[in-house]
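See below for the structure under consideration.
The values are calculated or read from the model by the stated rules, or taken from the named source; none is laboratory data. Predicted model only: the values in this text are computed from it and were never measured. Positions of Cβ are generated from backbone atoms using ideal geometry, with glycine treated the same way; all protein chains shown enter the neighbour counts.
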Amino acid sequence: MNFWPLTKTGPKFVVLLVGYPTYQHLTILPQVHEWLGNHYSLRAEHEKAVKYFRRAIQLDRTYLSAWTLMGHEYVEMKNSHAAIEAYRRAIGKGLFLNFLIPYHSLHEEDVNRKDYRAWYGLGQAYELLSMHYYALHYYQRATALRSVTGEL
């Protein structure tokens, strides 16, 4: 959910637009941090994007789209191991070791195993590791979930 259109002017523009006290109040919403992460992702500032996606997850540990988006950023940064962990958390199959959320605190309704973007991202991450059979498996899962429209 985006509150504002993405622009090159960045979050400083948002502060001026909505006013400082309002902006401070909105920072408790994970969607705001997701928006900021998307903003920095579009500017190819991947480290900053990860920082904001991580903040969104800290505010709502079951915010699955932030896990997927953080995985995309890790793929862009060529950090395939961190990407795999983020994508696995997005689909509920994470290792859940020394990260932000213990496995037992996830409920079944919090897991989205039908999110083709996370499966596709797993394929990309394994492709970076030259583990082509794993990559093919995850690409096939993504394709099966998204076969209706044909776009990936």
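For Tyr23, indicate whether it is at pLDDT 80 or above and either part of a helix (DSSP H, G or I) or of a type outside the set (Phe, Trp, Tyr) (or both). Outline the logic, then answer.
Values: at pLDDT 80 or above: no; either part of a helix (DSSP H, G or I) or of a type outside the set (Phe, Trp, Tyr) (or both): yes.
No: the conditions fail for Tyr23.
Among the numbered criteria (1) at pLDDT 65 or above; (2) under 28 Å from Ala135 (Cβ atoms), which one does Gln58 miss?
Tallying (1) at pLDDT 65 or above; (2) under 28 Å from Ala135 (Cβ atoms), Gln58 fails exactly one: (2).
Can you give me the number of residues within the range 90-126 that are of a type outside the set (A, V, I, L, M, F, W, C), modelled with pLDDT under 90 and part of a helix (DSSP H, G or I)?
We begin by selecting, within the range 90-126, every residue of a type outside the set (A, V, I, L, M, F, W, C); these are 92-94, 98, 102-105, 107-110, 112-117, 120-121, 123-124, 126.
If we keep only those that are modelled with pLDDT under 90 too, we end up with 92-94, 98, 102-105, 107-110, 112-117.
Add one more test, that the residue is part of a helix (DSSP H, G or I), and what stays is 103-105, 108-110, 116-117.
So the answer is 8.
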